[in-house]
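The values are calculated or read from the model by the stated rules, or taken from the named source; none is laboratory data. Model, not experiment: these values are computed from the prediction. Glycine gets a Cβ as well: all are built from the backbone with ideal geometry, and neighbour counts include every protein chain shown. These area figures cover heavy atoms from the full protein model, side chains too; ligands, DNA and RNA do not enter into them. Shrake-Rupley method; radii C 1.70, N 1.55, O 1.52, S 1.80 Å.
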Amino acid sequence: MKAPRFSFARFKAIIVKEFIQMRRDRLTFGMMVGIPLLQLVLFGFAINSDPKHLPTAVLVADHGPHGRTILQAIRNSSYFDFVSQVTTETQAHEALARGDVQFVVNVPENFSRELLRGDRPPILVEADATDPAATGNALGSLGTLLDGALQNDLKGPLAFLSGTNGPVELRVHAHYNPENITQYNIVPGLMGVVLTMTMILITGLAITRERERGTMENLLSMPTRPAEVLVGKIIPYILVGYIQVTLILLAAHFLFHVPMVGSVPLLLIAVFVFITANLAVGITFSSLAANQLQAMQMTFFFFLPSILLSGFMFPFRGMPHWAQAVGECLPLTHFLRIVRGILLKGNGLQEIYIQLAEIAVFAAIALAIGVKRYHQTLD
Amino acid sequence: MNTELAIDVCGMTKRFGQLTAVDHIDLQVRAGEICGFLGPNGSGKTTFIRMLCGLLRPDDGSGTCLGKDVIRDSEAIKREVGYMTQRFSFWEDLSIVENLDFIARMYDVKNRRDAVHQSLERLGLTERRKQLAGQLSGGWKQRLALAACLIHNPKLLLLDEPTAGVDPKARREFWEEIHHLAGEGLTFLIATHYMDEAERCHRLAFILRSKLLVHGTVDEVIEQARLTTWEVAGPNLLQVAEQIRGRAGVEQATAFGNLLHVSGTNAAELEQAIAPFRTEQHKWSQVEPGLEDVFIHMMERPKQEVSA
Ligand SMILES: Nc1ncnc2c1ncn2[C@@H]1O[C@H](COP(=O)(O)OP(=O)(O)OP(=O)(O)O)[C@@H](O)[C@H]1O
Ligand SMILES: [Mg+2]
């Protein structure tokens, strides 16, 4: 049997048909244009792998002139933004744990006096090193910074103090992840990323599938309430979410030896709120999407800023303000702070409840939109 | 019981943008009655049925279904109505028994297991109950859908082309079952395009271009059309049909197997028109018009006549 000859007319017919279909599916077309634009904006403008202006607290126990010089030099470096003054070590550690600041610069008591005596007094920099990428460059710049800082102060008779090792000693305490192991940051974060992707996608598909296959008409002709359908559809996936969390936690512990300082049950409670938020997004998407493909595209459209702007792939603090503002609206951003906070910093409810509340608010809004848009009829 | 109305709606209207899919339709169906719902494609049958069971919100109209308000009590109506969709709408990735079981649960059927079991028996699908619904042949899907919408013992059945693609034997069994159930007091509204099925209905409602055209028993419907029909037997019927069409008084000439039906509303004109064709070759006889003659006649009525 001979295969029919390649026909240009048939070939053209297929092309024309594809174009017509592409034009009909406005959303898909919009996404095809929108996704590259989004990527351009995010990668081009939002992402910065050399984060600057990191929030820093200062703890000054010595008010001599040389301490001030050093602080001024640090502030001028553009890596550090002094956002608060703390007066005790405890306050400093709380600020680090909550994630309010990335660094605490500590000028110890008698700093000026010891400097003049030539004792090489320490400048203590405590860093929240959960994400080594966020702190690396800033810490790296400190050494040369300090050497240069006092050059003006130590002139003439004091010049000898500059010495060979420099006039002061830089002591860096990298908290929470002292060895700067990237996995410690990535693996817990992955939990949030995986949940975001699968939970939204799966609920989106579960509901649009009914519509696409025509079974929605059957379902709606039965005496049901929207809550029964929506919650009933969601529950199995919450279970799936917990299976994913368990797998990631086991891998984090046994494979990557990620420290688990805080309470795992607390984390599991936070996971519930986070899963709910994502399922709510899925429901909302499914009420907007006409078919499964559209639901998938919407998921992707949401997922992209989620991984790029949440602080998962790139340091949150390195982004411009507008990108941080967008990031603050995403549940993943807050969940990452929670999961890293609990596992690496040992945070308790005290430190995470604000983040948790923000996810809950997001979930409530998304759910309200989704339920409102979920029609009990076909029109 | 028979005087009670299972469906009593009036002025039902549904618009989709510019298009009025159902235009002020009034319909009464008595309890225990089988009402055939006829009309050409796109005339609004499915849309009307969807409004009755609360799947579409009417833009206008009011009335009751099983004594309950069609607008406000659609939840209560859903509980007592069985709706069979025109397109297969069961879960293709569930097996037959899983589908039936799911439906039974949704309606809170008592003795669910027995109900599902009986339903399978009646379908004759007990052996294949584990088969996925998506793998059933078209006709069997249809039969499964029927069984499923009967499982909660509804009082009113809205069936949208329930026998499309079903073989003649199964169709006959299906109609016997329907008459049996109607005898027990169930009410049926059945959309169909089959004339033999229409003839099995107690009453017919015919809609055309979104409006209800006639409503009555088969005889009444035929009567109302005031159609005269001649039956022709003999050779070359196709040629006869072509020549006779378009002559004054001949409104339609349709082949029925080896016979030709020539019909018109004006008996005298029709007789004149056919006179030249009444040759020895062909056997002409005046017959009672059938339902199909009447329907084709109605479908071909010009637009202004319908909207008048
Ligand atoms: N969801 C919808 N949106 C827009 N128009 C619709 C919609 N559903 C139906 N229509 C239109 O309403 C009209 C009536 O459609 P309907 O499905 O009720 O016809 P029908 O009598 O059931 O036809 P058939 O015999 O082919 O099943 C048609 O013109 C159809 O195109
Ligand atoms: Mg229809």
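Between the residues B:N111, A:L288, A:S112, the greatest Cα displacement towards the positive end of the dipole of the protein assembly as shown, with unit charges on the Cβ of Lys, Arg, Asp and Glu, is found for A:S112.
Counting only the Cα atoms, the protein assembly as shown fills a convex hull of 258 Å³ per residue.
Here the relative contact order of region B:91-148, from alpha carbon pairs under 8 Å that lie six or more residues apart, stands at 49 percent.
3J(HN,Hα) along region B:94-101: 10, 6, 4, 5, 5, 4, 4, 5 Hz, from the Karplus curve 6.51 cos²θ - 1.76 cosθ + 1.60 with θ = phi - 60°, whole Hz, x for Gly and Pro. Counts of other chain beta carbons within 10 angstrom of each beta carbon in peptide B:80-88 average 3.
Note on chain B: GNM, Cα springs under 10 Å; of B:F256, B:F277, B:F88, the largest mean-square fluctuation is that of B:F256. The packing ranking of peptides A:243-250, A:289-296, highest mean first, is A:289-296, A:243-250, where packing means the average number of other beta carbon atoms within 10 angstrom of each residue. Of the accessible area of the protein assembly as shown, computed with a 1.4 Å probe over protein heavy atoms only, carbon and sulfur atoms account for 56 percent. Less than 5 angstrom separates the built amide H of A:V172 from those of A:V125, all sequence-distant by 5 or more or on a different chain. With Cα atoms defining each centre, region B:1-41 and region A:180-238 are spaced 39 Å apart in the structure.
Partner shielding of A:210-218 amounts to 6, given as the average count of beta-carbon atoms from other chains within 10 Å of each residue beta-carbon. Remark: chain B carries a charge dipole of roughly 880 debye about the Cα centre, counting +1 on each Lys and Arg Cβ and -1 on each Asp and Glu Cβ. A Cβ-based charge dipole, computed about the Cα centre of region B:91-148 with Lys and Arg at +1 and Asp and Glu at -1, lands at about 140 debye. For chain B, pairs of C-alpha atoms spaced more than 26 angstrom apart make up 53 percent of the total.
GNM on chain B, alpha-carbon springs under 10 angstrom: the most fluctuating residue among B:L212, B:L146, B:L56 is B:L56. Listed values for region B:72-86 are Karplus-derived 3J(HN,Hα) couplings in whole Hz (6.51 cos²θ - 1.76 cosθ + 1.60, θ = phi - 60°), namely 8, 9, 4, 5, 5, 5, 3, 5, 10, 10, x, 10, 10, 6, 5, and x replaces Gly and Pro.
The spacing between region A:310-379 and region B:66-113, judged by their C-alpha centroids, is 39 Å.
Identify, among B:A275, B:L146, B:L100, the residue whose Cα sits farthest towards the positive end of the charge dipole of chain B, taking +1 on the Cβ of Lys and Arg and -1 on the Cβ of Asp and Glu, with the dipole about the Cα centre. The Cα lying farthest towards the positive end belongs to B:L100.
In chain B, a dipole from Cβ-located charges (positive for Lys and Arg, negative for Asp and Glu) runs towards its positive end, and of B:A253, B:H215, B:I25 it is B:I25 whose Cα lies farthest in that direction.
Coupling constants for region A:29-36 follow from the phi torsions by the Karplus curve (6.51 cos²θ - 1.76 cosθ + 1.60, θ = phi - 60°), and in residue order they are 4, x, 5, 4, 7, x, 5, x Hz; glycine and proline get x.
Between 0 and 90 degrees, the angle of helix A:8-24 with respect to the longest Cα principal axis of chain A falls at about 60 degrees. log₁₀ I(q)/I(0) of region B:228-288 at q = 0.25 Å⁻¹, via Debye over equal Cα point scatterers, no solvent, to two decimals? Calculated log10 I(q)/I(0) at the listed q: -1.04. Both radii are taken from the alpha-carbon atoms of chain A; with Rh as the Kirkwood radius, Rg/Rh is 1.13. On a C-alpha basis, how far is the centre of region A:240-301 from the centre of region A:72-150 in Å? Whole number, if you could? Here the two parts' Cα centres lie 36 Å apart. Between A:L154, A:L170, A:L195, the GNM of chain A built on Cα springs shorter than 10 angstrom shows A:L154 fluctuating the most. In this assembly, the B-A interface accounts for approximately 1900 Å² of buried accessible surface in total, computed with a 1.4 Å probe and without ligands, DNA or RNA. Within the assembled protein chains, the solvent-accessible surface assigned to A:L343 is about 0 Å², based on a 1.4 Å probe. In this view, the solvent-accessible surface of A:V229, computed with a 1.4 Å probe and all protein chains in place, comes to about 20 Å². The Rg/Rh ratio for region B:189-308 is 0.99, where Rg is the radius of gyration of the alpha carbons and Rh is the Kirkwood radius. The solvent-accessible area of B:C10, taken with every protein chain present and a 1.4 Å probe, is close to 70 Å². Give me the dipole magnitude in Debye, nearest 20, for the protein assembly as shown about the Cα centre, with unit charges on the beta carbon: positive for Lys and Arg, negative for Asp and Glu. So the magnitude is around 1200 debye. Note on surface exposure: A:R75, A:R24 rank A:R24, A:R75 by accessible area, highest first, 1.4 Å probe.
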